[in-house]
1. Could you list all residues from the stretch 4-13 that are more than 14 Å from residue 38 (Cα to Cα) and open to solvent by 100 Å² or more (accessible area, probe 1.4 Å)?
2. Out of the stretch 103-129, which residues are modelled with pLDDT of 95 or more and surrounded by 15 or more Cβ atoms within 10 Å (Cβ to Cβ)?
3. Just for the stretch 32-88: of the residues that are open to solvent by 60 Å² or more (accessible area, probe 1.4 Å) and within 12 Å of residue 8 (Cβ to Cβ), which one is nearest to the chain's Cα centre (by Cα)?
Amino acid sequence: MTPLVKVCGITRSEDGACALEAGASHLGFILYEKSPRALSLEQAGAVLAALPVPVEKPVAVDVNPDPERLARHASGGFARHQLHFPFDLPRERIAAWAEVVGRENLWLAPKLPPGEPFPEDLFSFADVFLIDAFVQD
């Protein structure tokens with residue numbers, strides 16, 4: 001099995017092109033406003049338009065978006081959606097995300113405190129999961 005490698009935080013088309021040339025399986029575009037690498041949906045679209053990128057490679061990265069915002073991401077050219085959220089987020093919210101973009105396109109990244117077991121009930125909402133290092137804030 002070949003590992004998938006997503007280069008995240010793409011802000012310029014030349015960086016995206018370099019990542020694709022190096023073999024990246026996906027490109028991450030951070031749409032979370034509080035990130036230092038954040039892009040607006042329009043800025044991300046402009047970067048994508050300058051790249052010869054297949055539809056399955058761009059990944060919209062956000063933190064706990066409401067379903068309407070997620071739908072805007074989906075209509076903005078993103079097939080995959082990596083969403084970070086508190087591990088105890090109400091499951092209705094996560095179910096709404098899966099309904100908006102489809103579980104096959106949803107990458108869930110719950111924020112798990114040290115010692116907290118992975119919430120296995122999330123397996124019903126998505127096919128891909130990311131586990132990040134825990135930082136309190």
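The values are calculated or read from the model by the stated rules, or taken from the named source; none is laboratory data. The shown structure was predicted, so the numbers you read here are calculated from the model rather than taken from an experiment. Cβ atoms come from the backbone with ideal geometry, glycine included; neighbour counts cover every protein chain shown. Protein only, heavy atoms only, side chains kept; ligands, DNA and RNA dropped before computing areas. Shrake-Rupley method; radii C 1.70, N 1.55, O 1.52, S 1.80 Å.
1. 4
2. Once the filter is applied, which keeps residues that are modelled with pLDDT of 95 or more and surrounded by 15 or more Cβ atoms within 10 Å (Cβ to Cβ), the stretch 103-129 yields 103, 105, 106, 107, 108, 109, 110, 122, 125, 126.
3. By that ranking, first place goes to 32.
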